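Asks: Structure in structure tokens, see below.
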């Protein structure tokens, strides 16, 4: 099957080769959103497990009075966790961007529908549309 755009007969170009394509890419956006949520959940669980393990190790070290040299290791492990938290924050920023895009998308659709209504009320005079 070719990845080249095809005309579906209604004047719409389909990039996926199907006649019922998703020209706005909503399906891909939904999949990307679900994947992003999965990655965030995975990062949160990973960070939780690592934090619990580090705290247990630290508790064991304190109980056994073996503190020398281990503090640097713990600091390094917490730095790794901090980096993962920063990545998680980036994912949340992506979610905020998706929300912003969704809001502006709705506004653009409302504008298009208003312009379409104007065209229809002016007996279909297309030159009344403003870019």
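Asks: Using the number of other C-beta atoms within 10 angstrom as an exposure proxy, rank 58, 52 with the fewest first.
Replies: Numbers: 58 16, 52 10.
Sorted ascending by nearby Cβ count, the order is 52, 58.
Asks: Further, regarding this structure: Can you work out the FRET efficiency for the pair residue 71 and residue 103, with r the C-beta to C-beta distance and R0 = 35 Å, to the nearest 0.05?
Replies: Numbers: r = 47 Å, r/R0 = 1.35.
Computed FRET efficiency for residue 71 and residue 103: 0.15.
Asks: Can you put 38, 33 in order of Cβ neighbours within 10 angstrom, beginning with the fewest? All intermediate terms of the calculation are to be shown ahead of the outcome.
Replies: On the way: 38 10, 33 14.
Least crowded to most crowded, the residues run 38, 33.
Asks: Can you tell me the FRET efficiency between residue 31 and residue 85 if r is taken as the Cβ-Cβ distance and R0 is 22 Å, rounded to the nearest 0.05? Don't jump to the answer; show the numbers that get you there.
Replies: Numbers: r = 26 Å, r/R0 = 1.17.
Plugging the Cβ-Cβ distance into 1/(1 + (r/R0)^6) gives 0.30.
Asks: Same structure, new question: Can you compute the FRET efficiency between residue 93 and residue 122 using 1/(1 + (r/R0)^6), with r the Cβ-Cβ distance and R0 = 30 Å? Round to the nearest 0.05. Before the final figure, lay out each step's value.
Replies: Numbers: r = 44 Å, r/R0 = 1.45.
Rounded to the nearest 0.05, the efficiency is 0.10.
Asks: Would you kindly work out the equivalent ellipsoid of the stretch 25-128 from its C-alpha gyration tensor and give its semi-axes, the square roots of five times the eigenvalues, largest first in whole Å?
Replies: On the way: eigenvalues 614, 25, 12 Å².
Ellipsoid semi-axes (Å, largest first): 55, 11, 8.
FYI, it's all coordinate maths here, none of it is from the lab. What you are looking at is a predicted structure, and each value in this text was computed from that prediction instead of being measured. Neighbour counts run over all protein chains shown; Cβ positions are idealised from the backbone, glycine included.
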